[in-house]
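Working notes, structure below.
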Amino acid sequence: MKHLLKLQDLTQKEILEILNMADQLKFEKKNGIAHPLLAGKTLGMIFQKASTRTRVSFEVGMYELGGYALFLSSADLQIGRGEPVQDTARVLSRYLDGVMIRTFSQKEAEDLADYGSIPVINGLTDYAHPCQVLADLMTIREIKHSFAGRRLCFIGDGNNVANSLIVGAIKMGMEVSVACPEGYRPDAGVMKWAAQNGSFTCTADVLEAAEGADVLYTDVWSSMGQEKEAAAKRKAFEGIYQINDRVMEAAGSDAMVLHCLPAHREEEITEKILEAHAAEIFEEAENRLHAQKAVMVKLMGEN
């Protein structure tokens, strides 16, 4: 494991190692046990998309690991003024021990890894959100205790979160169903991989997808950078692709609910359901910190 660019690149064993380390780091933090595993290390954080959870969790995570994180806005970098990504990658490799990038293009994250000589972590692209899904898997295992035989249902836009969630859940042995309208399905390559490597279905029928689910998951209908599509998406999703009482009744009697946040109440999830499952959703948000710390230790720490 040299980088974290997308979950397709990781084996089940590597994902389990990250989750196990995340559990250990979380236990130590809760019990006041210091773990300066990255003392003296530096992480550059490139943001071409704004963030709450990504910035705070990476910055706090590096601090708790004994390292230092630098916030690098694209407005302040030469990469935002036309410097080729390969040049930026080679320069940053001489200053830093690792880079996290939150951007639009998956290729930009891949190019940073190809041209640089330090670990690159995908903090989000339009294609994938691996850090989020590692936190999701951590949360599912905490609450459900295992992955085998569990069924996960994603409802909404087939976006970057859906792409990574499909891959991560199937790699861990879960069944996956996705409910979304035609034209808003997950990446075709991801769906083909899922069908070949596990139990996967994609349908326009929300109740069919949710039937018997152990985990219900949703995200906003329009992701950052898709504001121009918001009206069309609202028309396609509104009143149908929402976690609500009917969906909860179709799912398993003890189904948990996850949302990567921020949430648009009464759009993709009702206020009632979000508040009823707030403990799970905000534990999931907290687990971004622990999962990402584990990723940074795996990539930037000593053996």
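Data for the structure
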quantity: Selected residue (only one of 207, 274 is over 22 Å from the mean Cα position of the chain (by Cα), more than 23 Å from residue 128 (Cβ to Cβ) and among the hydrophobic types (A, V, I, L, M, F, W, C)); calculated: 207
quantity: Residue that is surrounded by the fewest Cβ atoms within 10 Å (Cβ to Cβ) [pool: residues in the stretch 114-160 that are over 13 Å from the mean Cα position of the chain (by Cα) and closer than 24 Å to residue 238 by Cα]; calculated: 158
quantity: Given (1) in contact with a strand residue (DSSP E or B) (Cβ under 9 Å, 6 or more places away or on another chain); (2) in a helix (DSSP H, G or I), number of the condition residue 231 does not satisfy; calculated: (1)
quantity: Selection count, the stretch 17-45, where residues are without any contact (Cβ under 8 Å) to a residue 60 or more places away in the chain and aliphatic (A, V, I, L, M); calculated: 3
quantity: Filtered residues of the stretch 267-281 (kept if in contact (Cβ under 8 Å) with a residue 24 or more places away in the chain and part of a loop (DSSP other than H, G, I, E, B)); calculated: 267, 268, 270
quantity: Residue 281 touching a strand residue (DSSP E or B) at 6+ places or on another chain (Cβ under 7 Å), at pLDDT 95 or above and under 17 Å from residue 54 (Cα atoms); calculated: yes
quantity: Every residue from the stretch 51-82 that is more than 15 Å from the chain's Cα centre (by Cα), part of a loop (DSSP other than H, G, I, E, B) and in contact (Cβ under 8 Å) with a residue 24 or more places away in the chain; calculated: 65, 66, 67, 74, 77
quantity: Where residue 267 falls short, out of the listed (1) acidic (Asp, Glu); (2) farther than 20 Å from residue 210 by Cα; (3) touching a Phe, Trp or Tyr at 6+ places or on another chain (Cβ under 8 Å); calculated: (2)
quantity: Residues satisfying the stated conditions in the stretch 203-262, i.e. loosely packed, with under 14 Cβ neighbours inside 10 Å, of a type in the set (Ser, Thr, Tyr) and either touching a His at 6+ places or on another chain (Cβ under 9 Å) or under 18 Å from residue 186 (Cβ atoms) (or both); calculated: 203
quantity: Residue tally, condition out of contact with any Gly (no Cβ under 6 Å at 6 or more places or on another chain) and closer than 16 Å to residue 255 by Cβ, over the stretch 179-212; calculated: 7
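The values are calculated or read from the model by the stated rules, or taken from the named source; none is laboratory data. As the structure is a computational prediction, the values presented were derived from the model and not from experiment. Because the Cβ atoms are built from the backbone with ideal geometry, glycine has one as well, and the counts that use them run over all protein chains shown.
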